[in-house]
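Below is one structure, written out as structure tokens; the observations come after it.
What follows is calculated from the coordinates using simple rules that are stated; it is not laboratory data. The structure presented is a predicted model; accordingly, all values stated were derived computationally and were not measured. Virtual Cβ from ideal backbone geometry, glycine too; neighbours counted across all protein chains shown.
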């Protein structure tokens with residue numbers, strides 16, 4: 001049994017050795033340096049993006065109060081929740097209905 005790739009014939013092995021010995025390599029490397037630097041740049045970009053997203057995830061948002069209710073960030077549901085002290089009147093809720101935002105009133 002031959003070492004290496006037993007499914008190749010002796011002629012094919014010699015052909016492949018000759019091909020590898022020819023000048024297909026660039027600077028005696030299997031790939032050009034610019035290709036590796038492109039990969040390194042992409043790796044740096046991805047690492048930067050991961051660091052940015054990790055930083056965003058660790059950011060805590062505080063809610064705020066406004067005239068007539070409060071707003072709170074719900075990280076578990078990935079939502080901004082707006083709690084009104086009372087249900088808005090007929091004309092006041094029109095902006096929430098045009099945006100298709102469901103209006104739920106919770107007692108404060």
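Residues 50, 82, arranged from fewest to most other Cβ atoms within 10 angstrom of their Cβ, appear as 50, 82. Calculated FRET efficiency, residue 62 to residue 42, Cβ-Cβ distance, R0 = 35 Å: about 0.45 to the nearest 0.05.
Ranking of 67, 77 by neighbouring Cβ atoms within 10 Å, starting from the fewest: 67, 77.
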